[in-house]
Amino acid sequence: MSSPKSPEGPRRGSPAKSPSLPRSPQATEPPAPAAPPAPAATTAEAEVPPMAEIPFEQDENGDSGVDDDDDDTYVRIDVKTLCIEPGLTWYSASSTASLSESIYDYRQIHGRTFQHSKTTEYWGPNDDRQNNGLDISHHFITMLLGDQLYEAPIKEPPTRVLDVGTGTGIWAIDIADAFPSAEIIGTDISPIQPTWVPPNCIFHIEDAQLEWTYPPEHFDFIHIRALYGSVSDWGELYKQAFTAMMPGGWIEDFEFNITLMSDVPEVRDDPKHIFKRWSDVFTEAGERMGRTLLIGTGGRMRRLMQEAGFVNVVEKNYKVPSGKWSSDPVLKEVGAYNLAFLDESLEGFALFMLKEIMDWDYIEVQVFVSEMRKAINNPKIRPYYILMEGIAGIPGSVLLLAGGLISFFVVGRIVTYARLRSFKGPFLSNFTNLPHRKALFQQRCQEWYGEICEKYGPIARIAPNVLITSDPDVWIHVNNKPGYKRSEWYYTACRIEYRRDNVFTQTDNKKHEARRKQMAPGYSGRENPDLERSIDERLHEFIDLIRSKYVSTSDNIVPVDMARKVQFFTLDVISGVGLGKTFGMLQSDSDVENYLQSSEEGLHIANFGLAFSLSWITQARFLGKFIAPSPDDSKGFGRMMATCFRYVNERVANPTDKRSDMLASFIRHGISGDELRSEALEQIVAGSDTTATGIRCTLLHIITNPRVYAKLQKEIDEAIRDGKAPQDDLITHSQAKQLPYLQATIREAMRVWPPVANVFSRDIPPEGDTVKVKGEDVFLPGGACIGYSALAMHHSTEIYGPDAKAFRPERWFEEDKDKLALMLRTNELIFGHGKFQCLGKAVAQIEIGKVVFEIFRNFDMALINPTKPWVALNSLGLFTISDMNAPVDTITMSSALAKAPPAPATDSKPKATVAAVPTFDNALSKGIAFGRVAVLLGLLAAQFNDLVAEPVLTLQSALPVVAVVQVAYAVLCLPAAGSQQAKAAKKARPGEKKKPEQAGTSSVVTAFLALVLSTIATPVIHALFILFGAPFLDHITHTFLCAAHFSLLGIFPVIYARGVDSQALIAVAGLSAPLDETLGGLLGAVLGAWLGAVPIPLDWDREWQKWPVTIVCGMYAGSCLGSWLSGVVFFGKRLGGTASAAKDE
């Protein structure tokens, strides 16, 4: 809400500095005597100190003065002639010289003065009244920062500091006092700075929008404050700042949000309130000027800083109250000063913008200002606004950059912890994303989200800055209320193409809503009357395929993977209705050109990118072009993209009937080119997968519940008998909707297993929001984000009853109308809500109802392996499901009720057991295992000095020695993968003699193969080292040898004992395998290497700090310690704390 830094005229004294700031001891000329304080306006309704109590002073000439008791002394700067004192650098700047002739050419508007520049027209006055407000705002901003002048982690003391838009110069003077050895330059277009200043401070009359003439890499700190509405090209401003900043420097920008807010519903929800009208008219005025007032909103500041080249960009929001209504003592005082600032400044804000830009009458402006002044002085509505801060740096030395990164990491973690400290969650989730990453990596995040909400309540914390809710009312509120938007950290990871959004990944609400309007007619069927007929054609092909190739008899079981066949069906449906041409998977009974495989690979890759926070790489400028999926790729999304784009191009080149398919509808509503191809690709990938999952989960729950199976079969038979469904044709969608048990079964199945389930995070508005949870107000802080747990919400016992986790379609015939309405409203959230509701909901409901009816009309179905009904993996919320093998028999209506399917358990999910790897139970093996640790650590100690002096030669010469030690340890102590020792590592039966463990030829062969595979893995480890910070272009040999040692220590024992069993290796990688010496050695090597990297950037000046000495030492120590602890102390336990079920097998 501060005016831009361009006021002018003779200036009063600088306000008193924060007592925590050092003052300059130097003296060159005594200050002018101070005049008595000037009177100031007071407010009636708010308890604000009169202006006389605020420490501003002015001498009789209007120039700056200082208190007689102050030890500070200042030199005099003649601003009018732009003289600069000796010892400070002079810049011969065209942007400065061009202003010198007109800096006092002020314009008058109803008694207020405004700078009248040839190059930039400011919207704020530059008279004393407005300048008082600027100095007051400086005072409360300093208080908000804890009596600090800045938050950027700059090196202290800085060498040169630039204050762009210095205004009254108060910040520049204070920073000059704080750092007497630094050179401080303040620039502004208006000469309103004091003439008595510290000797190391100088002011330039300069337009920051013109070309800067400072030398490149000159400043180590650039400060900007309240230039909103004053800059036509913020990107260029940040680029010039980037050029002028030396390596390791920092920029800090404070901007005000022009929107006054209130959490009082009568104000917050009133679209005609003065706060809303003030914001709207000023926003429009800024757009008319071509200089936005919204630079601090919507992530603009962060994005433009990043585009200019800055790194480590951080945005922070401060809630600034108007008045003394806050219960926080600091904010209470801040609010008092802020109200004084607003009272002084409101007329100045409005006069130029409304009268000159919006062409209002002067009386209209005064009435408008009066209404605003009355509102901000009303403590009952608790008014406030948001002050936004952007901090960014540029790469510098390794030490400086490391220090900055550590500082930002620590400060950021503290800030985010404090922001959400009132919400419960796993302890580690308060500080790190690791638990969340683990759930994503294991592709079971929906289960983890459900467990968190069940344990910690309807709103819980799953990451430092991420909340999750299971409360349907909260999630409906989040999806309905303006201000919430999709979170970039999640939805950017869901992008398929390089830097191109579709309707699902678009995070800008206005763009998203506009795209939905373009696409909705095509999905609704209004412009595609052949929608159901096209689905029927594919359904005929599906039924014919099963009947012709996969019907079992009593003499021959023909298993069919229903998961795969259903996916063929949904892909052919969506390609037909969406592109006008099917993929032909049902006709060929195959994954045509591996489209399905490529789609699933792409989803897995994207999911792992999200889990490891690597998604940004595919969207990074320049680099992302070579990494993001492309139609030229042979794997991942590449094949699907190529085919989809080809279909779109053919469809555009040869348009058919105007009402033929979705693509035609999209084109008619203005979608074209790359956007058309992106939307077509998204509907193929997401539209087919979610519908397929809905069909699969419905089939699974029916065939594993005999009672439900029988009741549904009866309803189907009766519908055919009574004419509610045709005997010789497919059921229509309208007919299927009239079958209550069929609809209840489908609804219940998708409740128990939601077909799409992920966090789907939303950014909370910057000002925060208050929601109702169980009748109590809960404040959601701005700057965080919130998602939802589908499993916890749809398994809620409060909504669905004590048997919420059980599959029981009868619950949808609940007689209590209020309870039924709550259940139905919650169940609808499966397809999203409001502006985020799934566009393909209607198409999916048609497909699911028709397919389920026709399958059980035509076939009797069971599962081949009821204990493992399918393999389901969650990638970005979409499920890739396979191995749903089910033999089918053809049935007739008369025989249907006589057949009963098997009845395995429905809700338990059997998990494969991966046992811990024991060492041989004899004295020799135990001695060798302990001796290996001693040998490896002894070898490290003996060669430490050589490792420091010659890392490459030492690592190279030690490699064969370590290999021999590891092979001997594996052969003599561990059961080889697939050997009899591995299979017989269990207790002997009663009366049976236990065979002695012997290392035969198979162990040696296995050890050799494990060595080969470990060697193959070394380049991969090398690449991972680089991703986590190892040198990329130099020290290549050092890093490769380090990776080779890691492979021997961590990878070799795992491969020797586990082999290439994918299930076991996935369990090891996902940390779900029980602890043993092999896993402990791997984990210890990882943790040791990570900790070993800590001393490298520290300023200890030790020879052993060079790469990769500490990494190797940490890796060996960690591997040995982890192996011993996991084999002796924690053997068989899992990282979650439970003992392995397979420990004694």
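The values are calculated or read from the model by the stated rules, or taken from the named source; none is laboratory data. These numbers come from a predicted model, not from an experiment. Cβ sites come from the backbone with ideal geometry, for glycine too, and all protein chains shown count toward neighbours.
Restricting attention to region 799-817, which residues are at pLDDT 95 or above and outside any loop (DSSP other than H, G, I, E, B)?
Ile799, Tyr800, Pro809, Glu810, Arg811, Trp812, Phe813
Residues that are modelled with pLDDT under 90, of a type in the set (A, V, I, L, M, F, W, C) and part of a loop (DSSP other than H, G, I, E, B): does region 319-330 have at least one?
Taking every residue of region 319-330 in turn, none turns out to be modelled with pLDDT under 90, of a type in the set (A, V, I, L, M, F, W, C) and part of a loop (DSSP other than H, G, I, E, B).
Against the condition part of a loop (DSSP other than H, G, I, E, B) and not assigned by TED's automatic domain parsing to the domain that holds Val1004, how does Leu1135 come out, does it pass?
For Leu1135, the condition - part of a loop (DSSP other than H, G, I, E, B) and not assigned by TED's automatic domain parsing to the domain that holds Val1004 - is met.
Counting just the residues of region 739-774 that are basic (Lys, Arg) and crowded, with 21+ Cβ neighbours inside 10 Å, which one comes out farthest from Arg268 (Cα to Cα)?
Arg751
List pairs: first residue in region 285-307 and among the β-branched types (Val, Ile, Thr), second residue surrounded by 17 or more Cβ atoms within 10 Å (Cβ to Cβ) anywhere in the structure, Cβ distance under 6 angstrom, at least six positions apart or on different chains.
Thr292/Gly286; Ile295/Tyr228; Ile295/Trp234; Ile295/Glu255; Ile295/Met301
Among the numbered criteria (1) closer than 21 Å to Lys319 by Cβ; (2) at pLDDT below 95, which single criterion is violated by Lys774?
(1)
Tell me the helices (runs of 4 or more DSSP H) entirely within region 624-707 that contain at least 3 residues that are touching a Pro at 6+ places or on another chain (Cβ under 6 Å).
In region 624-707, the matching helices (runs of 4 or more DSSP H) lie at 638-653, 673-703.
Looking only at strands (runs of 3 or more DSSP E) that fall completely inside region 140-243, which ones have 1 or more residues that are in the same structural domain as Tyr384 (by TED's automatic domain parsing), of a type in the set (Val, Ile, Thr) and modelled with pLDDT under 90? Don't jump to the end; show me each part of the working.
On the way: elements: 160-164, 183-188, 201-205, 219-225.
Fully inside region 140-243 and qualifying: 201-205.
Name every residue in region 1105-1138 that is in contact with a Pro (Cβ under 8 Å, 6 or more places away or on another chain) and surrounded by fewer than 15 Cβ atoms within 10 Å (Cβ to Cβ), in order of residue number.
Across region 1105-1138, the qualifying residue is only Lys1106.
Yes or no, residue by residue, for (1) buried (at least 23 other Cβ atoms within 10 Å of the Cβ); (2) modelled with pLDDT of 95 or more; (3) farther than 13 Å from Gly578 by Cα:
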| site | (1), (2), (3) |
| --- | --- |
| Asn654 | no, no, yes |
| Arg668 | no, no, yes |
| Gln683 | yes, no, no |
| Leu700 | yes, yes, yes |
| Tyr709 | yes, yes, yes |
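Which one of the conditions (1) farther than 15 Å from Asn858 by Cα; (2) in a helix (DSSP H, G or I); (3) over 32 Å from the mean Cα position of the chain (by Cα); (4) not charged (D, E, K, R) does Leu712 fail to meet, given that it meets all the rest?
(1)
Would you mind telling me which numbered condition in (1) under 30 Å from Phe622 (Cβ atoms); (2) part of a loop (DSSP other than H, G, I, E, B) Val313 fails?
(2)
Can you list residue pairs whose Cβ atoms sit under 7 Å apart, with the first residue in region 185-205 being within 20 Å of Pro157 (Cα to Cα) and the second being of a type in the set (Ser, Thr, Tyr) and surrounded by fewer than 23 Cβ atoms within 10 Å (Cβ to Cβ)? Count only pairs 6 or more apart in sequence or on different chains.
Qualifying pairs under 7 Å: Pro198/Ser24; Pro199/Thr28.
Being farther than 28 Å from Ile357 by Cβ and at pLDDT below 90 is the requirement here; does Gly133 meet it?
The answer is no for Gly133.
Matching residues to (1) out of contact with any Gly (no Cβ under 8 Å at 6 or more places or on another chain); (2) not in a helix (DSSP H, G or I):
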site: His1045; (1), (2): yes, no
site: Ile1096; (1), (2): yes, yes
site: Cys1120; (1), (2): no, no
site: Leu1125; (1), (2): no, no
